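In what follows, a structure is listed as structure tokens, so that the remarks can point back to it.
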Amino acid sequence: MAETTPEQALARQRKFIVPAVALYYDEPLLLVRGEGTHLVDVRGKRYLDFYAGILTVSVGYNHPRVKTVVSAQLEEANHLSTFYLSMPMIELAERLAAITPGGLEMSFFTSSGTEANESALHMARLATRRQEVIALRYAYSGHSTVTRSLTGLASWRPPVEVPGIRHAHAAYCYRCPFHRTPDTCNYECARDVEEVIRTTTSGQVAAFIAEPIQGAGGFITPPDQYFQIVHEIIKRYGGLFIADEVQTGFGRTGKMFGIEHWGVEPDLMTFAKALASGAPIGATIATREVGAAFTGPVISTFGGNPVSMRAALATLEVIEEEGLVERARLLGERLRTGLDELKARHPFMGDVRGKGLMQAIEFVRTEKAPAPDLLREFMEGTMRRGVLVGKGGIDGHVCRISPPLTITEAELEEALAAFGETVRDMAGRHPELAGMA
Ligand SMILES: Cc1ncc(COP(=O)(O)O)c(C=O)c1O
């Protein structure tokens, strides 16, 4: 039988999949295989995946160690419900308790980051017997009604939100909401959390939730003291601190968890994506005190699924044994240097930011006007050169670069060369952008 072409697949998708499931690229890719750091399309063209399936295949596609462990588990049992004891789930809970900072000890497993965040909110509310929650503008928390309500980006929010959630300003230094610069700002954005508590809540907050680096927002990276100040405020008002590590967790930023860059010990953390390097998973971990308050029955049918649990355990082993956290730090430095060099030559690369192997380029025109058209050109150009990257930012104008932590130095140089050729091409096509301010 003849292979399905991308054009045929697109027609069938348009007919049978809701349009909200959006596609990248003018001619969407029909991918059929993952091989380590590469994806292969139906025509056999190979791409370096510098988006890692949305920061998910942390140890690459089909890592031999993960594959072996998952296959072995499939021989044993592909599903076990949480009404029975299951060693893969218990072992992963123990492992997470061992590697997370501070006193995080008790886990609840689900199948996605959406559920992990929704469960964190539920647990925080049970533990504090309070309802109100502070989230951040530019956040992305998931696709359920509660997590869409936590989200701070219009296109991802629900038409009608759930009550009890307030949004403080984000630590978006490139577009400071207070029109300050980091050296003189006195962390107005962090202090806004207190202003929001005092003016828009009853003062009795259950929790603050934030991504250490805001993913879909465009890898918005808060300055050094930001989370320490917010943590002090939230504790003073009796609330819990929830770190959404769905994008930043498990080595991505050059530390095991993103929040460790800010030296804050959260009361709850949420995980998904990279934890199992591609197997469906969500996890919420809490301090013993907070976790113990989560009584009353709960079922997440696929939460604790033994195949996903084994995939996660194997992923964590690979991260540790291959030294991938330190590798993300070192290769991240090289990636950042390469991007900064390009930025210095091309003013339409308005900002380069991030940590480790989580770096973004914000594309702009004169006076920082967001330029989604330039990001589209960049994505088409890099894809043609065999490198895939992601999109983010409130205007879809921020390029997200986040390869598997297993990339080689040579692959990183290959990607940087593709980025360089692409922006040089763009500069040639847009002479009007050369002298922009
Ligand atoms: C920071 C963050 N939290 C939560 C989610 C939701 O995760 P999922 O898509 O697995 O439900 C995402 C998804 O992109 C995310 O980036």
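The values are calculated or read from the model by the stated rules, or taken from the named source; none is laboratory data. None of the values given here were measured: they were computed from a predicted structure. So basically every Cβ, Gly included, is an ideal-geometry build from the backbone, and we count neighbours across all protein chains shown.
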From 206, 171, residue being modelled with pLDDT of 95 or more, of a type in the set (A, V, I, L, M, F, W, C), closer than 26 Å to residue 261 by Cα and not in a strand (DSSP E or B): 171
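A quick yes/no check of all residues on (1) surrounded by fewer than 23 Cβ atoms within 10 Å (Cβ to Cβ); (2) assigned to a strand (DSSP E or B); (3) free of Cβ contacts under 8 Å to residues at least 24 places away in the same chain:
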position	(1), (2), (3)
242	no, yes, no
275	no, no, no
280	yes, no, no
320	yes, no, yes
334	yes, no, no
Among the residues listed as 317, 289, 265, the single one being more than 16 Å from the ligand (Cβ to nearest atom), under 18 Å from residue 212 (Cα atoms) and not assigned by TED's automatic domain parsing to the domain that holds residue 395: 265
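When the range 176-224 is examined, which residues are found to be hydroxyl-bearing (Ser, Thr, Tyr) and under 30 Å from residue 129 (Cβ atoms)?
In the first step, residues of the range 176-224 are kept if they are hydroxyl-bearing (Ser, Thr, Tyr); the result is 181, 184, 187, 199-202, 221.
Once the filter is applied, which keeps residues that are hydroxyl-bearing (Ser, Thr, Tyr) and under 30 Å from residue 129 (Cβ atoms), the range 176-224 yields 199, 200, 201, 202.
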Some residue of the range 115-125 being closer than 19 Å to residue 248 by Cβ and more than 16 Å from the ligand (Cβ to nearest atom): no
Residue pairs meeting the criteria (Cβ under 8 Å; at least 6 apart or on separate chains; first under 17 Å from residue 138 (Cβ atoms), in the range 174-186; second surrounded by fewer than 16 Cβ atoms within 10 Å (Cβ to Cβ) and among the basic types (Lys, Arg)): 174/368; 175/368
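Inspect all residues belonging to the range 369-385 and state whether any of them is among the hydrophobic types (A, V, I, L, M, F, W, C), more than 17 Å from the chain's Cα centre (by Cα) and in a strand (DSSP E or B).
Going residue by residue through the range 369-385, those that are among the hydrophobic types (A, V, I, L, M, F, W, C) are 369, 371, 374-375, 378-379, 383.
From what is left, the residues that are more than 17 Å from the chain's Cα centre (by Cα) are 369, 371, 374-375, 378-379, 383.
From what is left, the residues that are in a strand (DSSP E or B) are 369.
Yes, there is a match, as at least one residue in the range 369-385 is among the hydrophobic types (A, V, I, L, M, F, W, C), more than 17 Å from the chain's Cα centre (by Cα) and in a strand (DSSP E or B).
Helices (runs of 4 or more DSSP H) wholly in the range 3-122 with at least 3 residues that are aliphatic (A, V, I, L, M) and over 25 Å from the mean Cα position of the chain (by Cα) - which ones? Write out each step before concluding.
Numbers: elements: 6-16, 52-55, 64-76, 87-99.
Passing ranges, in order: 6-16, 64-76.
Do we find that residue 354 is touching a strand residue (DSSP E or B) at 6+ places or on another chain (Cβ under 7 Å) and in contact (Cβ under 8 Å) with a residue 12 or more places away in the chain in this structure? Lay out the reasoning, then the answer.
Working: touching a strand residue (DSSP E or B) at 6+ places or on another chain (Cβ under 7 Å): yes; in contact (Cβ under 8 Å) with a residue 12 or more places away in the chain: yes.
Considered against the rule, which asks whether it is touching a strand residue (DSSP E or B) at 6+ places or on another chain (Cβ under 7 Å) and in contact (Cβ under 8 Å) with a residue 12 or more places away in the chain, residue 354 comes out as yes.
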So residue 259, is it surrounded by 24 or more Cβ atoms within 10 Å (Cβ to Cβ), modelled with pLDDT of 95 or more, in a strand (DSSP E or B) and within 14 Å of the ligand (Cβ to nearest atom): no
Scope the range 292-314; condition crowded, with 24+ Cβ neighbours inside 10 Å and either among the small types (Gly, Ala, Ser) or within 15 Å of the ligand (Cβ to nearest atom) (or both); matching residues: 303, 304, 305, 308, 311, 312, 314
